[in-house]
Amino acid sequence: MRPWETLAEASAPDGQPLLLRRRGHEYLIVAGGYDLMSSRDDTTARALATVGCGALGRRSGAHVLIGGLGMGYSLAAACAELPSDAVIEVAELVPAVIEWNQGPLAELAGRPLDDPRVRIYRGDVAQRIEEAKDELDAILLDVDNGPEPLAHDHNARLYGVQGLRAAHRALRRGGVHAVWSYSDEGDFAKVLGRAGFAGSVHPVSNRGRDRGRTHAIWLGLRKG
Ligand SMILES: C[S@@+](CC[C@H](N)C(=O)[O-])C[C@H]1O[C@@H](n2cnc3c(N)ncnc32)[C@H](O)[C@@H]1O
């Protein structure tokens, strides 16, 4: 088997080291020693957008916020799902990840950053959610491991009741909050319920390196 080659090194704003690695056609982003995203495991990242945008229907003028960018698969799937007048905003914390998506990773998901509907928010998606009031039709969240965050401790707030209430305030009536999660177990649907959402879980299977492993998309539909 070919050895991994390190293409680039960077730091997250909290100082955590990130590596961009390649082995043959496979790319890997490593954050703090943890494999954050592999190009061989795009199925469930895409499912975040198909499940989340699917729950919206093809709502005209939909404004969708995605956090974070990773390798651009969720963004590409959202571009495919949403109508031509949609606004698709992607929040990414690590500037180097944006550069990598404009460089060596650009072709993996078909250059979704070049789609004219796409806007980049350079910063923390939690900050962008706090800023929005009755503004968004959907939030698609894949910044970490899910409700049990691994890579960045500060992301835990996105999955607690306070963070979910902020998401509820950011969404318009009938809005959708979709959350990628490593596991389909746990009581996150109840936590969504405490923040004013009707919560449900959608198990999704990987077809890539972790073939058959079940992850989950948690879905919160804004009540009222
Ligand atoms: C698992 S990857 C996302 C994979 C993505 N769904 C895809 O399709 O490739 C997580 C991404 O979220 C970014 N991130 C982590 N915490 C963030 C935050 N609080 N706000 C915005 N981006 C964040 C990471 O730098 C990384 O690019």
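Table for the structure above
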{"quantity": "Surface per residue (accessible, 1.4 Å probe) for segment 41-222, Å²", "calculated": "41"}
{"quantity": "Stretch gain in nm, segment residue 16-residue 200, where the contour uses 0.36 nm per residue and the Cα spacing is subtracted", "calculated": "63.0 nm"}
{"quantity": "Cut-off 16 Å (backbone N to label point 7 Å along Cα→Cβ of residue 115), residues of segment 130-150", "calculated": "137-142"}
{"quantity": "Segment 41-222: relative contact order in percent, alpha carbon pairs under 8 Å with at least 6 residues between", "calculated": "23"}
{"quantity": "Where Rh is the Kirkwood radius over Cα pairs, Rg/Rh for the chain", "calculated": "0.94"}
{"quantity": "Cut-off 18 Å, label 7 Å out along Cα→Cβ of residue 23, residues of segment 43-57 by amide N", "calculated": "none"}
{"quantity": "Relative contact order %, segment 125-203, counting alpha carbon pairs below 8 Å whose residues are six or more apart", "calculated": "37"}
{"quantity": "Carbon and sulfur %, accessible surface of the chain computed with the full protein complex present, 1.4 Å", "calculated": "47"}
{"quantity": "Segment 30-122 - percent relative contact order, Cα under 8 Å, separation 6 or more", "calculated": "28"}
{"quantity": "Simple label model, 7 Å out from Cα along Cβ direction - residue 1 to residue 84, nm", "calculated": "4.6"}
{"quantity": "Dipole axis of segment 115-156 (+1 Lys, Arg; -1 Asp, Glu on Cβ), positive-most option in 145, 120, 132", "calculated": "120"}
{"quantity": "Of the DSSP H helices in the chain, those whose Cα atoms cover at least 15 Å axially and whose Kyte score averages -0.5 or more", "calculated": "43-56"}
{"quantity": "Part-to-part distance (alpha-carbon centres) for segment 113-153 and segment 172-224, which is given in Å", "calculated": "15"}
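The values are calculated or read from the model by the stated rules, or taken from the named source; none is laboratory data. In this text the structure is predicted, and so the values were computed from the model without any measurement. Positions of Cβ are backbone-derived with ideal geometry, glycine not excepted, and every protein chain shown enters the neighbour counts. Heads up: the accessible areas ignore ligands, DNA and RNA and are worked out on the full protein's heavy atoms, side chains in. Shrake-Rupley method; radii C 1.70, N 1.55, O 1.52, S 1.80 Å.
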